[in-house]
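The structure appears right after this line, and notes come after that.
The values are calculated or read from the model by the stated rules, or taken from the named source; none is laboratory data. Worth saying up front: this structure is predicted, and the values here are computed from it rather than measured. Cβ placement follows ideal geometry from the backbone for every residue including glycine, while neighbour counts extend to all protein chains displayed. For accessibility, only protein heavy atoms count, side chains too; no ligands or nucleic acids. Shrake-Rupley method; radii C 1.70, N 1.55, O 1.52, S 1.80 Å.
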Amino acid sequence: MNKSRFLALILLASTLAAKADSQSAPAQQPPAAPAASGSKTVKLCDNKTTVQVSNDAPKTRAEGQKISDALMAQWKATNPDSNWIQGEVEAHQVVTPADNSKLVGTGQSSTYGVVTQQDVKVWKNETYKTAVYGSKVFHSGDELGSEIAVSCDMCHPRAANTHPESYPKFQPQLGRVALLRDMINWCIEHPVRGKILAPDDPKMRALEAYIIAQRKGVALDYGKR
């Protein structure tokens with residue numbers, strides 16, 4: 001077989017193979033439709049309920065409340081038996097810290113020595129100040145950096161239904177075991193549409209303090225759903 005005939009056979013085999021592949025290959029699926037032009041998808045904490053929000057929507061608390069109300073209306077419609085605490089809608093009231101007055105005059109090991117009345121006052125004031133700051137952040141879209149003026153209290157008045165006593169637990173939205181701060185960041189990123197906070201950010205510490213303060217008296221039961 002001469003060289004030219006050999007090359008011709010190779011070319012013919014390649015052509016036939018390419019034709020066979022094109023006939024047997026499945027038809028390509030059309031690309032997914034893009035999101036509506038000029039809008040963004042806002043997702044609720046359940047990772048299922050969503051609404052479309054125009055990019056031109058005014059960044060006001062009233063508009064943020066409308067977005068939150070739309071999300072919650074959908075959620076309540078699909079969860080008619082949920083135990084939503086209606087009494088949680090009153091004005092913010094930050095629960096006060098535990099009273100440590102009984103420790104005055106007692107020893108707290110070599111680290112603290114004898115506890116004084118001033119010690120107890122400082123502990124209470126500093127702890128309460130952190131929780132109060134957390135309440136301020138929790139109730140402010142601006143403090144949370146929301147691009148749609150949504151704040152945490154619009155879905156969780158007075159930190160209702162946040163259940164920090166059940167963390168850590170496996171969280172489907174994250175696909176792993178989550179701490180309270182992990183879900184705070186998930187909510188900031190999605191329903192609030194803000195930027196997530198570093199673990200040691202003063203706002204993150206304050207939010208955790210406020211949420212846990214509002215759940216005072218509820219037994220810790222990690223892993224509970």
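Kindly establish whether ILE67 is open to solvent by less than 90 Å² (accessible area, probe 1.4 Å), among the β-branched types (Val, Ile, Thr) and modelled with pLDDT under 55. Can you show your working first?
Numbers: open to solvent by less than 90 Å² (accessible area, probe 1.4 Å): yes; among the β-branched types (Val, Ile, Thr): yes; modelled with pLDDT under 55: no.
So ILE67 does not fit the description; no.
Looking only at the stretch 189-225, which residues are acidic (Asp, Glu) and under 17 Å from the mean Cα position of the chain (by Cα)?
Taking the stretch 189-225 first, the residues acidic (Asp, Glu) are 189, 200-201, 208, 221.
Matches in the stretch 189-225: GLU189, ASP200, ASP201, GLU208.
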Just to be sure I understand the filter: pairs with C-beta atoms under 7 Å, separated by 6 or more residues or on different chains, first member in the stretch 36-58 and modelled with pLDDT under 80, second member of a type in the set (A, V, I, L, M, F, W, C). Which pairs pass?
LEU44/LEU71; LEU44/TRP75; CYS45/CYS155; CYS45/CYS187; ASP46/TRP75
Given the conditions (1) aromatic (Phe, Trp, Tyr); (2) in contact with a strand residue (DSSP E or B) (Cβ under 8 Å, 6 or more places away or on another chain); (3) within 30 Å of ASN55 (Cα to Cα), every one holds for PHE170 apart from (3)
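Kindly indicate whether LEU174 is of a type in the set (A, V, I, L, M), touching a Gly at 6+ places or on another chain (Cβ under 7 Å) and under 27 Å from ASP69 (Cβ atoms).
Numbers: of a type in the set (A, V, I, L, M): yes; touching a Gly at 6+ places or on another chain (Cβ under 7 Å): no; under 27 Å from ASP69 (Cβ atoms): yes.
Judged against the criteria, LEU174 is not a match.
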Exactly one of these conditions fails for TYR112: (1) out of contact with any Lys or Arg (no Cβ under 8 Å at 6 or more places or on another chain); (2) over 27 Å from ILE67 (Cβ atoms); (3) of a type in the set (Phe, Trp, Tyr); (4) modelled with pLDDT of 90 or more. Give me its number.
(4)
Mind listing whichever residues of the stretch 178-210 are open to solvent by less than 20 Å² (accessible area, probe 1.4 Å), of a type in the set (A, V, I, L, M, F, W, C) and in a loop (DSSP other than H, G, I, E, B)?
VAL192
Read through the list (1) in contact with a helix residue (DSSP H, G or I) (Cβ under 9 Å, 6 or more places away or on another chain); (2) among the charged types (D, E, K, R); (3) farther than 20 Å from VAL95 by Cβ; (4) in contact (Cβ under 8 Å) with a residue 24 or more places away in the chain, then give the number of the only condition that ARG158 fails.
(3)
